[in-house]
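Colleague: Before we start, here is the structure in question, set down as structure tokens.
The values are calculated or read from the model by the stated rules, or taken from the named source; none is laboratory data. No experiment lies behind these values; they were computed from the predicted model shown. For neighbour counting, all protein chains shown are included, and Cβ atoms are generated from backbone atoms with ideal geometry for every residue, glycine included. To get the accessible areas, we keep the full protein, side chains included, count just its heavy atoms, and leave off ligands, DNA and RNA. Shrake-Rupley method; radii C 1.70, N 1.55, O 1.52, S 1.80 Å.
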Amino acid sequence: MSVPGFDFCDLAAPGIADLQPYQPGKPESELAREYGVSDIVKLASNENPLGPSPRALDAAREALEGMHRYPDGSAHALRTVLAERHGVAPAQITFGNGSNDVLDLVARAFLSPGRSAVFSQHAFAVYPIATVSAGADAIAARANDPGHEQPYGHNLDAMAAAVTGNTRVVFVANPNNPTGTWLGGEALERFLHRVPDDVVVVLDEAYLEYARAGEGYADGTGWIDGHRNLVVTRTFSKSFGLAGLRAGYALSSPEVADLMNRVRHPFNLNSVAQAAAGAALDDTGHMERSVDLNARERERLRSALADRGLRTLPSAANFLCVEVGARAADVNEAFLRRGVILRPLAGYGLPRFLRLSIGTERENDRFLAALDEIRDESLLERSA
Ligand SMILES: *Cc1c(COP(=O)(O)O)cnc(C)c1O
């Protein structure tokens, strides 16, 4: 084997060598291997702790029988159901292998070298990855101040001001991950009017089902007719409990959907995911139980953390951003040793915080028990 006389990083397309790979939550099997712990509680990836709908499981099992066939590349059945549900034409839906894939489709359809995308500081890590992968410049707009009522959340004025002549995409997460903060309908509507029509606004609503009850929260589908540059993204990974199957979609004008469809890999939504997603949509009882559990347990955890002097950011999602202080990495490590997987946020510019996904009552109790042990090690700084 010959040894190349150059560094492969020099061969990479501009920007790629400086990208940080997306850091997923540590899988349970990895923690078991590395730490030799069992009875692991994973509260690191904002998954539905109740699991998938039993109806989705049945539909997936049935679909497995046909896995020697290519999937329906247009996902006709699921498309029809979603079009009806959202009151849009079937041609306004674009499917993705998770909504992550849809974000990438937007980037590949609208970004290129010499163009830029705007997103907020402390926003979802996939936005800069999708942007730079398409060769475009990533512009991070200043987030809200720590004292704001939505601390570290999106500052739409700063985002609008960051749009330049070559900006073609703006990514807005509502609610945002990892902060949990959200934007009200009026502010979003003003933003849509302010952003030039030739800039695609991506409204990422991955946590919509949890956020509906949030004060002033508005979902973006009502603005699609009036704004041909708006792309609303949704996922089956969070409240629908299908993260492992990878299913998401976008709602947009047919023109934007047509362009995204041109760069889409054929069969990006597999046949098992298509079947399970359709069945999950039908199981409104499972969704209701999932959202109720989340609201109840999120409040219980918030209040338990406050009792222990720990501040959480306001959250309309299925996780809490908890301020644990300067030794957050050590605190995270202490949780891992106790079999509790959380998400450190230094990579998101929030080095004093850990993100805690809301689990079942039992899982959340495990988290609180571990927290009380860790408190004795005085790694934690009181923040509230
Ligand atoms: C989890 C998440 C997604 C969804 O990712 P999938 O690819 O659909 O699993 C999208 N946006 C944000 C902000 C998220 O946190």
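Colleague: Among what's in the stretch 318-352 and is open to solvent by 60 Å² or more (accessible area, probe 1.4 Å) and in a helix (DSSP H, G or I), pick the residue that is farthest from L368 (Cα to Cα).
Modeller: G347
Colleague: I want to confirm something. Restricting to the stretch 37-74 and keeping residues that are in contact with a Ser or Thr (Cβ under 9 Å, 6 or more places away or on another chain) and within 16 Å of the ligand (Cβ to nearest atom), which single residue is most open to solvent (accessible area, probe 1.4 Å)?
Modeller: Per the stated criteria, the residue is E47.
Colleague: Moving on to the next point. Please list, ordered by residue number, the helices (runs of 4 or more DSSP H) wholly in the stretch 137-225 having 1 or more residues that are closer than 14 Å to H122 by Cβ.
Modeller: So the answer is 156-162.
Colleague: I'd like to verify a number: residues in the stretch 104-122 that are in contact with a Phe, Trp or Tyr (Cβ under 7 Å, 6 or more places away or on another chain) and either open to solvent by less than 10 Å² (accessible area, probe 1.4 Å) or in a helix (DSSP H, G or I) (or both), how many?
Modeller: 1
Colleague: I've got another one for you. Search the stretch 88-103 for residues being part of a loop (DSSP other than H, G, I, E, B) and open to solvent by 20 Å² or more (accessible area, probe 1.4 Å), and hand back the single one that is nearest to the ligand (Cβ to nearest atom).
Modeller: Of everything passing the filter in the stretch 88-103, N97 is nearest to the ligand (Cβ to nearest atom).
Colleague: Do you know which residues across the stretch 133-162 are hydrophobic (A, V, I, L, M, F, W, C), crowded, with 21+ Cβ neighbours inside 10 Å and under 19 Å from V200 (Cβ atoms)?
Modeller: A134, A136, L156, M159
Colleague: Among the residues that make up the stretch 249-271, is at least one of them at positive phi and either within 15 Å of the ligand (Cβ to nearest atom) or modelled with pLDDT under 95 (or both)?
Modeller: There is no residue in the stretch 249-271 that is at positive phi and either within 15 Å of the ligand (Cβ to nearest atom) or modelled with pLDDT under 95 (or both).
Colleague: All but one of (1) away from the ligand (no atom under 14 Å from the Cβ); (2) surrounded by 14 or more Cβ atoms within 10 Å (Cβ to Cβ) hold for R85; state the number of the condition that does not hold.
Modeller: Of the numbered conditions (1) away from the ligand (no atom under 14 Å from the Cβ); (2) surrounded by 14 or more Cβ atoms within 10 Å (Cβ to Cβ), the odd one out for R85 is (2).
Colleague: Residue by residue through the stretch 104-146, note down the ones that are of a type outside the set (F, W, Y) and within 10 Å of the ligand (Cβ to nearest atom).
Modeller: If the condition is that a residue be of a type outside the set (F, W, Y) and within 10 Å of the ligand (Cβ to nearest atom), then D104, A123, A125, V126 are the ones that fit.
Colleague: Right, another one. When the residues of the stretch 177-208 are filtered to those that are within 16 Å of the ligand (Cβ to nearest atom) and without any contact (Cβ under 8 Å) to a residue 60 or more places away in the chain, which remaining residue is surrounded by the fewest Cβ atoms within 10 Å (Cβ to Cβ)?
Modeller: Checked the stretch 177-208; the qualifying residue surrounded by the fewest Cβ atoms within 10 Å (Cβ to Cβ) is E205.
Colleague: Of the residues S315, S383, only one is in a loop (DSSP other than H, G, I, E, B), modelled with pLDDT under 95 and surrounded by 15 or more Cβ atoms within 10 Å (Cβ to Cβ); which?
Modeller: Every option except S383 fails the conditions.
Colleague: Return the pair list, or none, for Cβ contacts closer than 7 Å from residues in the stretch 239-261 that are among the basic types (K, R) to residues that are at pLDDT 95 or above, at least 6 apart or on different chains.
Modeller: These pairs meet every condition: R246/N97; R246/G98; R246/A273.
Colleague: Would you check which residues across the stretch 77-87 are assigned to a helix (DSSP H, G or I) and closer than 16 Å to P254 by Cα and list them?
Modeller: Listed by number, the residues that qualify are R79, T80, L82, A83, E84, H86.
Colleague: Next up: Please indicate, with yes or no, whether at least one residue in the stretch 279-301 is away from the ligand (no atom under 16 Å from the Cβ), closer than 28 Å to P27 by Cα, more than 17 Å from the chain's Cα centre (by Cα) and open to solvent by less than 10 Å² (accessible area, probe 1.4 Å).
Modeller: Checked against the condition, which is being away from the ligand (no atom under 16 Å from the Cβ), closer than 28 Å to P27 by Cα, more than 17 Å from the chain's Cα centre (by Cα) and open to solvent by less than 10 Å² (accessible area, probe 1.4 Å), the stretch 279-301 yields at least one hit.
Colleague: Residues being open to solvent by 20 Å² or more (accessible area, probe 1.4 Å) and among the basic types (K, R): count how many of those fall in the stretch 210-234.
Modeller: 2
Colleague: Which condition breaks for H265 when tested against (1) under 30 Å from R366 (Cα atoms); (2) assigned to a loop (DSSP other than H, G, I, E, B); (3) open to solvent by 20 Å² or more (accessible area, probe 1.4 Å)?
Modeller: It is condition (1) that H265 fails.
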